[in-house]
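First the structure, in the form of structure tokens, and then the observations on it.
What follows is calculated from the coordinates using simple rules that are stated; it is not laboratory data. What you see is a predicted model; the values in this text were computed from it and never measured. Please note: Cβ atoms are built from the backbone with ideal geometry, for glycine as well, and neighbour counts cover all protein chains shown.
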Amino acid sequence: SISVRIEAVQNGSSQLRVLVSPSDIFPDGTVSFDRPGVKHFEGLSTGIYNSKTHFYIQTRDKFSNDVTTGPLNEIQIIETSSSTQLGGYFEVSFFGMTWRFPA
């Protein structure tokens, strides 16, 4: 951990700023989440046939800082499951590129 103390002439004002630069992505700290109740953004909670849905991946470093740059040479694994036989395909889009996989 790091602590910084800045004494200012006027309370709450300083010409100095502290900037935190995250370290490399730490896979165990990376999380995915969706927005339950928000149409098309419930990708981890539910999926609806023939409907687009989304979820977010938030990368973090080993100190839990958000890593906002990248992706650089990372692998994303998306697992799906069903209680019945599926037909058709899944599409995954990322930054304007789309890949199609058989169901």
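Quick look at the values:
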read-out: The range 18-103: radius of gyration and largest Cα-Cα distance (Dmax), Å; value: 15.5, 54
read-out: Amide H contacts of Arg60 (H built 1.01 Å from N, under 5 Å, at least 5 apart or other chain); value: Phe26, Thr30, Val31, Val67
read-out: Calculated FRET value between Ser45 and Glu91, using beta carbons and R₀ = 22 Å, to 0.05; value: 0.70
read-out: Length gained when the stretch Tyr56-Ala103 is fully extended (0.36 nm per residue, less Cα-Cα span); value: 14.7 nm
read-out: Simple spin-label estimate for Ser64 and Val31 in nanometres, 7 Å along Cα-Cβ; value: 0.9
